[in-house]
Every structure is written in structure tokens, then in C-alpha cells.
Amino acid sequence: MSARIVDGEEGVSESVEVLRGGGVVGLPSETVYGLAADCFNPIAIARIFEAKNRPLTDPLIVHLPEVMWLDRVVRLESQDQRIMVEKLAHAFWPGPLTLLLPKHPDLPDLVTSGSDWVAVRVTSHPLFQQVLYHLNAPLAAPSANRFGKISPTTAQHVQFELGHKIELILDGGPCVHGMESTILSLQEGRIQILRPGPITEDLLNEIGHVLPTVRNVNTPGSLPGHYAPKKELHILNMDIKSFAPTRSSGLIAFTAPDLETLALFDVVEVLSPSGDLKEAAANFYGALRNLDSSKVDILYALPIPEEGIGVAIMDRLRRSSYGSRIKMDIPSSGEASDL
Ligand code: TXA
Ligand code: MG
């Protein structure tokens, strides 16, 4: 089986038909492509886990087309909680923000892996919204990659990742943000960032008190090894002038490196020639994918400035390179708290 890539209005109708029949469909979102299924159909949900080869212990994000649908999947417990959700929704929905909220009892436990909390967001992608409206059911959707691999930001990436496992992919063009949503929990009116993303700490500070980020293995998206290329990948924290690759090498750089640095590598992916972190985020997974399928033996990345969405890019870069670090027994230069 090879998935068909469809688009436009007809593509939306075909997607709805497959979803109505309990199938799964690759859908475009403003962050990354998702693998969607009707969140109230446990058999359809099971198909997501099967297609991605994802452990049942790793819960799924539920997607809505508008905030009015929220009460279909969550049951807010207090007026304070409702006020905080309304503030965040007003500022950032529809958009790349996911909230961890008390789950509605009717939502199948499979979606939340047995937790009483559900991760939920309102997507801004017009095609995803249309599918939701036509289906008239919220959709659970993790990123449409094989578990632990690089996230997809185009329909072709989804085809490469899961084309042999699913029948349909709706093409909505390249993802605008290119980085998964920011995930938050609310702690007595304060905001805890569980996964950094396009809604940055600075933006959240304008809404409420943001707690210092704690990173441990129990928070969402926090598996240390994730978003991994097939090839070894290392972050070059050293002075590049003293670096001499011994094998054919690829480099990911934020902006264009100087000529001396360029000469050290066989292939170089520049994330944003103009030094725009948002552009760099949008290009990150595609660049990693290009290098991974190129002829080079080993991949390197120069650190990205950790400000704004650069925090999320570095978070993904560290996780992408985790397996290589472990294999080589390389210490993580002050990044241990990320793991
Ligand atoms: O931008 C995004 O968030 C994309 C698009 C498709 O919406 N989705 C996405 O899903 O990144 P996924 O499954 O690749 O990452 C969601 C993360 C996972 O690490 C999962 O463990 C965590 O969120 N998560 C989901 N539901 C949760 C819950 N109920 N409690 C704790 N963590 C949860
Ligand atoms: Mg993912």
C-alpha cells in the first residue's frame, strides 16, 4: 500500500470519509503534519498507535476547530481554571498552543493513555479545521512520523514516514511553524511549560506568571531520544576552528557560516540566511531530513541562539542528537537537565 496524496475541497471530503469509517489520515497543521483519527472511536485511535509503532503509554493531543468545542473533550473543574483557559485561548487559539486539562469522562482512555488529563489544542490550519467541521468530531493526532523519528513538515515527508501504513494524506503545503506546539499545564493559575514551541516564554509572560521550566522524563515530548535521524548527529559546542571532521560530514547552521567553516563540510544546510529564528524553525526538520538522506556519513549542528523559538529548536536538536551522544559516551555540556 502506498498512501494517496490529495488536496483541496475534494481532499477534505475524502479525508472525512476515511475518518468516518474509522481510518487514519495524515493531515496538515500549522506546526507539523499529524496522523489523525476520530478521538471518540477507540479502534481508530488504536490504528494511530499501530501505524506509528508508538507505545500505548504515550498519549495523544486532541484537536478542535474552535474553542467552543472545548467542553466536548475536557471538564474544567473551577472558575479559576476557566478564566485562565479563556485568557490563553483568547491570546493564542487557534494556534500552536496545547493545554493539559482535566479529561471529559466520555473521552476514551486510550487517547490519554489512562490519564485523567487530556492535551488539547485549537488548530489554525484551514484544511484541518474544515475536516473537523465536516466530520463534526474532535480528532486525536500525534505528529505523523514513525515513533521517535524526524517530524514531518510536508505531505511528502508523511509519505516517506508512513506511506506504507496509511491510505490517505491531505496536502496543505509546508507547515508554517515547522515545530510542534508549545505544551502547558496550569498550576494554580500559573503557567508551566512542558514542551517549548512557537508560543514562547516571552509571549506567555504577557498572559500570566510562567514557572521556571522543569525538564524531566515525565513531561510531554520529553523522551530524551526523539526526532532522531538515522545518521549520527552531534552538536558542535567547541570552537569550530579547532574542529576537523574525519569522515564526510553534513552541517546544520542557523545562518551561513564563514568560508573556512563551509570548507570543512560536504553538505551544509543553512536554516535562515537572514538570521530569522522563525524561518529557522520552519526549515529545521526538513534540513535534518535532507542531510539524513544525503551521502554524508555523519551530521553536525552548530548551536542555535536560545531565545524566542530558538529554545524549541535547541530542545529538538538535543533530543535528535541524544542517541549519538549516548553511543559515543559524550557528556552533554551542561544539558543534562534536558534529559
Ligand atoms: O504541534 C503539535 O503538537 C503536533 C500537531 C500534529 O498538533 N502534535 C504533536 O503530537 O506534536 P505528538 O504526539 O508528537 O506530541 C505530543 C506530546 C507527546 O510527548 C505526548 O506524550 C504528550 O504530548 N501528551 C499528549 N497527551 C498528553 C497527556 N494527556 N498527558 C501528558 N502528556 C501528553
Ligand atoms: Mg511527535
Search the stretch 233-249 for residues being open to solvent by 30 Å² or more (accessible area, probe 1.4 Å) and over 19 Å from GLU306 (Cα atoms), and hand back the single one that is modelled with the highest pLDDT. SER248
From LEU132, LEU101, which residue is closer than 22 Å to GLU206 by Cβ and open to solvent by less than 10 Å² (accessible area, probe 1.4 Å)? LEU101
Pick from the stretch 24-55 the residues that are within 10 Å of ligand 1 (Cβ to nearest atom) and basic (Lys, Arg): which of them is least open to solvent (accessible area, probe 1.4 Å)? LYS52
Residues that are within 11 Å of ligand 1 (Cβ to nearest atom), modelled with pLDDT of 95 or more and in the same structural domain as ILE43 (by TED's automatic domain parsing): list the strands (runs of 3 or more DSSP E) wholly contained in the stretch 76-180 that include at least 3 such residues. 97-102, 117-122
Can we say GLY208 is among the small types (Gly, Ala, Ser), at pLDDT below 95 and either under 30 Å from LEU100 (Cα atoms) or not in a loop (DSSP other than H, G, I, E, B) (or both)? yes
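Just to be sure, is ARG289 among the charged types (D, E, K, R) and surrounded by 17 or more Cβ atoms within 10 Å (Cβ to Cβ)?
On the way: among the charged types (D, E, K, R): yes; surrounded by 17 or more Cβ atoms within 10 Å (Cβ to Cβ): yes.
So ARG289 fits the description; yes.
Filter the stretch 192-202 down to residues that are farther than 18 Å from PRO142 by Cα and touching a residue at least 24 places away in the same chain (Cβ under 8 Å) and give me whichever is nearest to ligand 1 (Cβ to nearest atom).
Only one residue tops the list, namely ILE199.
Right, GLY197: small (Gly, Ala, Ser) and surrounded by fewer than 24 Cβ atoms within 10 Å (Cβ to Cβ) or not? Before you say what the answer is, go through the steps one by one.
Numbers: small (Gly, Ala, Ser): yes; surrounded by fewer than 24 Cβ atoms within 10 Å (Cβ to Cβ): no.
No: the conditions fail for GLY197.
Please report, ordered by residue number, the strands (runs of 3 or more DSSP E) entirely within the stretch 1-73 with at least 1 residues that are away from ligand 2 (no atom under 16 Å from the Cβ) and out of contact with any helix residue (DSSP H, G or I) (no Cβ under 6 Å at 6 or more places or on another chain).
Working: elements: 4-6, 25-27, 34-38, 61-64.
Of the strands (runs of 3 or more DSSP E) lying wholly inside the stretch 1-73, those with at least 1 residues that are away from ligand 2 (no atom under 16 Å from the Cβ) and out of contact with any helix residue (DSSP H, G or I) (no Cβ under 6 Å at 6 or more places or on another chain) span 4-6, 61-64.
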Kindly establish whether PRO59 is at negative phi, touching a Pro at 6+ places or on another chain (Cβ under 7 Å), in the same structural domain as ARG195 (by TED's automatic domain parsing) and open to solvent by 40 Å² or more (accessible area, probe 1.4 Å). no
Cβ pairs under 6 Å, 6+ apart, first in the stretch 109-132 and on the phi > 0 side of the Ramachandran plot, second open to solvent by 10 Å² or more (accessible area, probe 1.4 Å): SER113/THR57; SER113/PRO59
If you go through the stretch 38-55 one residue at a time, do you hit one that is among the polar types (S, T, N, Q) and over 24 Å from LEU194 (Cα atoms)? yes
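The values are calculated or read from the model by the stated rules, or taken from the named source; none is laboratory data. Everything quoted here is computed from the prediction, not taken from an experiment. Note: ideal-geometry Cβ built from the backbone for every residue, glycine included; neighbour counts use all protein chains shown. Note: areas computed on protein heavy atoms with side chains; ligands, DNA, RNA excluded. Shrake-Rupley method; radii C 1.70, N 1.55, O 1.52, S 1.80 Å.
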